[in-house]
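The block underneath contains the structure these notes are about, expressed in structure tokens.
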Amino acid sequence: MTKRASDASDVSVSPPRRRSKYTLAPLVLITGNVVLFALFFVWPAVIGLVYSFTNYTGVGSFQFVGLDNYQKLLGDSTFYSATTRTLLYTVLFVPLNFVLSLLIANVLVSKHAKGASVARIFFFIPWLLSPIIVGVLWRWLFGENFGLVNYLIEKVGGSAVPWQSNADLSLIVVVVAAAWAWTGFSMLLFIAAIKNVPTSYYEAAALDGAGPWRQFISITLPSIAPTSFIVILLNTIHAMKEYAVFASLNNGGPGTSNNLLVQYIYQTGFKTGQIGYASAASFVLMLILMAVAIIQMMVNRRVENR
Amino acid sequence: MTTTDTVRKVDTDSVPAVSRKRSRGAASGGLRRAIAPTTLLWVLAGLYGLPVLWFVLSSLKPAGDLFSLPLTLFPDDPTVSGYKEAWASANFSGYFINTIIVCVIATILTVGVSCCTGYALAKYDNKWLKAFFLCILATTMLPAEVMLAPLFLVVRDLGLYNSLSGIILPALLTATGCFMFRQFFLTVPDELIEAARIDGARELSIFMRIMVPLSRPIMLTLAILSFQWRWNDYIWPLLMLNDPEKFTVQIGIQSLVGAQNINWSVLLGGSVISMVPLIVVFLVFQKYVMNADINAGLKD
């Protein structure tokens with residue numbers, strides 16, 4: 001609906017007159033990006049695809065091995081565990097981040113909450129911190145023998161929790177840390193969307209006797225559906241390629257149990273020099289990302305058409 | 001639609017009258033209504049602020065006090081020895097200078113390249129420009145993390161391995177930047193350009209002398225974002241840099257974490273130092289970041 005309207009206005013604003021006679025100026029303007037695009041996108045994408053069918057090690061000659069790399073990946077338990085761990089991380093991180101940032105955005109735009117402009121900074125600063133610092137910071141909080149969290153747990157009579165040596169617990173710590181760090185970004189998107197909902201809707205609902213929760217479910221959520229879609233899509237893509245927080249929080253540990261896909265690609269490609277094999281793993285990651293994006297777009301379209 | 005319209009009309013007529021009549025009652029009612037959301041807001045803000053507060057306060061404790069029980073929030077005897085040690089050890093000041101060089105150069109170039117491209121995409125309509133726009137869109141589908149190995153080979157073959165330009169150049173291609181400028185220039189009326197053309201201005205001087213100055217707010221917003229991206233980069237510099245002389249701050253800190261026995265005093269000090277530039281940039285330019293229409297550009 002909105003799409004059609006904007007297409008129509010585009011046509012009326014730019015009648016097919018002499019604008020396309022300019023060739024040189026736009027060409028000069030985009031030259032920089034065209035060169036960058038060719039060098040750092042097209043070239044690596046093409047050779048990555050080619051190398052994924054070879055046994056290239058980064059130096060010397062190589063042979064084409066057909067689909068061997070991909071077949072080997074299917075039977076590689078390390079790759080399999082990295083993939084499932086990445087998916088598990090994504091499935092935990094995205095909803096947590098969504099709920100937290102939506103809750104905070106709602107509280108921040110509420111006209112009854114005092115001090116919102118100051119409080120906003122508290123939610124935003126974690127987003128500024130680099131993933132490495134986020135990892136260090138949460139490692140410090142969740143140290144098994146020295147961390148504040150275990151200290152507080154023992155203080156109230158509990159026993160120390162093995163945040164680092166239990167694979168599932170250490171994954172959960174990373175999920176919480178990442179959600180904490182990424183709230184600021186999703187929150188900004190939500191704030192902009194919530195502010196755009198016409199206040200008359202809420203006033204009308206209030207007159208009909210709808211309480212705050214009812215208003216949230218019936219007005220806010222449907223009105224911000226497009227933003228919700230973008231937040232979920234961005235967070236999913238972000239989570240699928242997470243590495244730095246893991247690197248500094250527990251280094252994929254304990255052991256190798258929380259090695260995620262990007263770390264797997266990094267290790268096979270650069271530690272053991274199997275560039276061909278790592279390229280194949282990269283293309284599997286790309287296919288997963290594309291599938292995620294396509295599924296979410298289809299869902300979004302169905303929701304909007306309803 | 002019609003029902004909400006009539007409701008709104010009734011509403012706007014009645015609300016001011018009512019609130020004027022019982023302004024005193026409304027004030028105390030407002031206070032009561034403010035308690036729940038305000039409490040919720042500040043409890044949440046506390047939860048988000050506490051980790052950073054604990055971290056920064058810990059960094060001010062002397063090394064011997066870091067693990068002494070009972071843990072205390074505030075250092076008894078605040079000291080900056082952890083900072084001094086971090087700054088002196090492991091060539092931290094060198095990492096800092098490298099990172100600043102990368103951030104400043106990459107930011108200037110990113111803003112320049114994105115501004116040119118965004119303007120061309122917004123104000124000219126050649127078929128090949130539309131095709132290039134699709135190409136830019138495609139880059140969001142294939143992030144650098146996915147192409148680590150081939151991108152590494154390309155940059156190595158260009159002779160940029162182990163150099164700061166090897167970090168900077170691949171980072172300049174950003175869909176977000178192009179989108180932000182494109183969205184902005186779409187809002188600039190075409191008449192402005194037409195008028196300048198009638199006055200005999202040439203295309204590129206219209207861009208340089210009218211459009212670039214107009215887009216200053218977007219430039220600032222993208223500059224802040226770009227500075228943050230480059231400051232926080234980890235995996236790409238890790239791959240590109242081999243020589244500890246060229247390390248950036250994030251790699252320096254990660255190498256402290258990877259050490260067999262973590263020297264927490266140094267790690268905490270170094271971490272806090274590395275947070276400072278971004279926090280300062282953010283606090284100074286807060287209103288631009290907060291008002292940025294980051295819906296327009298999506299990739300980090």
## Note on the structure
Here the residues within the range A:145-177 that are within 13 Å of chain B (Cβ to nearest Cβ), assigned to a helix (DSSP H, G or I), among the hydrophobic types (A, V, I, L, M, F, W, C) and within 23 Å of A:Val245 (Cα to Cα) are A:Leu148, A:Val149, A:Val173, A:Val176, A:Ala177
### Task
Answer yes if at least one residue in the range A:54-63 is at the interface with chain B (Cβ under 8 Å from one of its Cβ atoms) and surrounded by 17 or more Cβ atoms within 10 Å (Cβ to Cβ), and no otherwise.
yes
### Task
Scan (1) in a helix (DSSP H, G or I); (2) surrounded by fewer than 20 Cβ atoms within 10 Å (Cβ to Cβ) for the single condition B:Asn261 breaks and write down its number.
(1)
#### Entry: The lone exception for A:Ala192 - which of (1) of a type outside the set (Lys, Arg); (2) crowded, with 18+ Cβ neighbours inside 10 Å; (3) over 30 Å from B:Phe282 (Cβ atoms) it fails
(3)
### Task
Say whether the condition of being facing chain B (nearest Cβ under 7 Å) and modelled with pLDDT under 90 is met by at least one residue in the range A:28-37.
no
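Among the residues of the range A:50-59, are any at pLDDT 85 or above and in a helix (DSSP H, G or I)?
Just the residues of the range A:50-59 that are at pLDDT 85 or above, to begin with: A:50-56.
Imposing the further condition that a residue be in a helix (DSSP H, G or I) reduces the set to A:50-51.
Yes, because at least one residue in the range A:50-59 is at pLDDT 85 or above and in a helix (DSSP H, G or I).
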### Query
When you go through A:Leu96, A:Leu152, A:Leu148, A:Leu188 one by one, which is the residue that is at pLDDT 90 or above and of a type outside the set (Lys, Arg)?
A:Leu96
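Each row is one residue, and each column tells you yes or no for (1) modelled with pLDDT under 90; (2) over 21 Å from the mean Cα position of the chain (by Cα); (3) more than 9 Å from chain B (Cβ to nearest Cβ); (4) part of a loop (DSSP other than H, G, I, E, B).
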site	(1), (2), (3), (4)
A:Asn258	yes, no, yes, yes
A:Tyr266	yes, no, no, no
A:Ile288	yes, no, yes, no
A:Ala291	yes, no, yes, no
A:Met298	yes, no, yes, no
A:Arg301	yes, no, yes, no
### Query
Regarding A:Ala178, is this residue surrounded by fewer than 24 Cβ atoms within 10 Å (Cβ to Cβ), in contact with a helix residue (DSSP H, G or I) (Cβ under 8 Å, 6 or more places away or on another chain) and either at positive phi or not aromatic (Phe, Trp, Tyr) (or both)?
no
### Task
Residues that are under 30 Å from A:Val149 (Cα atoms) and either more than 20 Å from the chain's Cα centre (by Cα) or facing chain A (nearest Cβ under 8 Å) (or both): find the helices (runs of 4 or more DSSP H) completely inside the range B:72-190 holding 2 or more of those.
B:81-88
### Query
Could you say whether any residue in the range A:79-97 is surrounded by fewer than 19 Cβ atoms within 10 Å (Cβ to Cβ), polar (S, T, N, Q) and either closer than 27 Å to A:Asn55 by Cα or within 14 Å of another protein chain (Cβ to nearest Cβ) (or both)?
yes
### Query
Any residue in the range B:159-181 that is of a type in the set (Phe, Trp, Tyr), more than 27 Å from A:Leu287 (Cα to Cα), crowded, with 24+ Cβ neighbours inside 10 Å and modelled with pLDDT under 95?
yes
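Taking the range B:241-250 on its own, how many of its residues are surrounded by 22 or more Cβ atoms within 10 Å (Cβ to Cβ) and either of a type outside the set (S, T, N, Q) or modelled with pLDDT under 85 (or both)? Outline the logic, then answer.
Keep residues of the range B:241-250 that are surrounded by 22 or more Cβ atoms within 10 Å (Cβ to Cβ), which gives B:247-250.
Next, only the ones that are either of a type outside the set (S, T, N, Q) or modelled with pLDDT under 85 (or both) stay: B:247, B:249.
So the count comes out to 2.
For the range A:189-198, which positions are facing chain B (nearest Cβ under 9 Å) and touching a residue at least 24 places away in the same chain (Cβ under 8 Å)? Steps first, answer last, please.
Of the range A:189-198, the ones facing chain B (nearest Cβ under 9 Å) are A:189, A:191-193, A:198.
Correct list: A:Leu189, A:Ile191, A:Ala192, A:Ala193.
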### Query
For A:Lys114, which of the numbered conditions (1) at the interface with another protein chain (Cβ under 9 Å from one of its Cβ atoms); (2) among the basic types (Lys, Arg); (3) touching a residue at least 40 places away in the same chain (Cβ under 8 Å) fails to hold?
(3)
### Task
Please give the number of the condition A:Val65 fails out of (1) modelled with pLDDT under 90; (2) within 30 Å of B:Cys103 (Cα to Cα).
(2)
### Query
Given the conditions (1) in a helix (DSSP H, G or I); (2) farther than 30 Å from A:Thr78 by Cα, which single one is not true for A:His238?
(2)
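Given the criterion aromatic (Phe, Trp, Tyr), at pLDDT 90 or above and in contact with an Asp or Glu (Cβ under 9 Å, 6 or more places away or on another chain), identify the matching residue among B:Trp231, B:Trp236. Spell out the reasoning first.
On the way: B:Trp231 fails: in contact with an Asp or Glu (Cβ under 9 Å, 6 or more places away or on another chain).
Within the list B:Trp231, B:Trp236, the selection yields B:Trp236.
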### Message
Given the criteria in contact (Cβ under 8 Å) with a residue 40 or more places away in the chain, farther than 25 Å from A:Ala177 by Cβ and either at the interface with another protein chain (Cβ under 10 Å from one of its Cβ atoms) or assigned to a helix (DSSP H, G or I) (or both), does A:Phe283 qualify?
### Response
yes
### Query
Quick one: in the range B:143-157, which of the residues that are without any contact (Cβ under 8 Å) to a residue 12 or more places away in the chain and of a type in the set (A, V, I, L, M, F, W, C) is farthest from A:Ser52 (Cα to Cα)?
B:Val154
#### Entry: Search result, residues across the range B:98-136 that are crowded, with 19+ Cβ neighbours inside 10 Å, under 25 Å from B:Ile206 (Cα atoms) and in contact with a Pro (Cβ under 9 Å, 6 or more places away or on another chain)
B:Tyr119, B:Ala120, B:Leu121, B:Lys123, B:Tyr124, B:Leu129
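Can you find a residue in the range B:198-206 that is touching a Phe, Trp or Tyr at 6+ places or on another chain (Cβ under 9 Å), at the interface with chain A (Cβ under 10 Å from one of its Cβ atoms) and more than 24 Å from A:Met290 (Cα to Cα)?
At the first step, the residues of the range B:198-206 found to be touching a Phe, Trp or Tyr at 6+ places or on another chain (Cβ under 9 Å) are B:203.
With at the interface with chain A (Cβ under 10 Å from one of its Cβ atoms) added as a condition, the list becomes B:203.
When the remaining residues are screened for being more than 24 Å from A:Met290 (Cα to Cα), the result is B:203.
Yes, that holds for at least one residue.
The values are calculated or read from the model by the stated rules, or taken from the named source; none is laboratory data. Quantities reported herein were computed from a predicted structural model and do not represent experimental measurements. Every residue, glycine as well, gets a Cβ built from its backbone with ideal geometry; the counts of neighbours run over all protein chains shown.
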